[in-house]
Amino acid sequence: MRRIIPIVLIAAATIMFAYFTSQEIYSVKKISIVPGNSYLEGVKIVHSAESVIKWTAAVEKISIIKTGETAELTNIQFNVPDKDVTMKAGNGAYDVKNNSIELIGDVIANNKEFIVKSKDIKWDFNTEAMKSTNEVVLTGKNVMVRADSIETFAGEKLQLSGNVTVVYR
């Protein structure tokens, strides 16, 4: 009887192992995210086209809203490597339909030449245009610029509007 118990335990363990490894218990065919009720935490997004990374984002929390066309973002940082642009904000919203992001709060955007600070910044991934309708401060190596709003066009042209002040250092 003592010899039978270990043999039965080994046989049971072998059968259980074979059963669980033959099942697709870790396979996911589809994830359903219901707007308003679903969120993701600790997300890293990599967007690429033709095997080239267009932009990446690290987001603490993403909540899907408005029939899945908009995602609310918490603690976001995104990068556009080919433009050498990094942006950080406490909150934001990603518009899936228009492929754009609006960052809200104390927003900091920077590239190799300037640091841009504002209360909101909108970035269009399709046109690579940036816009802010709140006061903006640009700080460069030898200059600081303040304005009521800013708009860039594909990273090539910069337009500052309203109460523009330039201070050289």
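Readers should treat all values here as calculations from the given coordinates under stated rules, not as data from a laboratory. Treat the numbers as computed from the prediction; the structure is a model and nothing was measured. For neighbour counting, all protein chains shown are included, and Cβ atoms are generated from backbone atoms with ideal geometry for every residue, glycine included.
Among the residues of the stretch 102-113, the one identified as buried (at least 18 other Cβ atoms within 10 Å of the Cβ) and either acidic (D, E) or not in a strand (DSSP E or B) (or both) is E102.
Filtering the stretch 128-155 to residues that are in contact (Cβ under 8 Å) with a residue 24 or more places away in the chain and basic (K, R) leaves only K141. Would you confirm, using the coordinates I've provided, whether T56 is polar (S, T, N, Q), under 18 Å from the mean Cα position of the chain (by Cα) and part of a strand (DSSP E or B)? So T56 fits the description; yes.
Figure legend. Inter-residue proximity from the stretch 103-127: first residues in contact (Cβ under 8 Å) with a residue 12 or more places away in the chain and of a type in the set (K, R), second residues in a strand (DSSP E or B) and surrounded by 17 or more Cβ atoms within 10 Å (Cβ to Cβ), beta-carbon distance below 6 Å, spacing 6+ or different chains. Indicated pairs: K122/E102; K122/K131. Among the residues of the stretch 86-101, the ones that are surrounded by 18 or more Cβ atoms within 10 Å (Cβ to Cβ) and among the hydroxyl-bearing types (S, T, Y) come to 1 in all. Scanning the stretch 125-169 for residues being assigned to a strand (DSSP E or B), within 16 Å of K83 (Cα to Cα) and in contact with a Lys or Arg (Cβ under 8 Å, 6 or more places away or on another chain) gives a total of 4.
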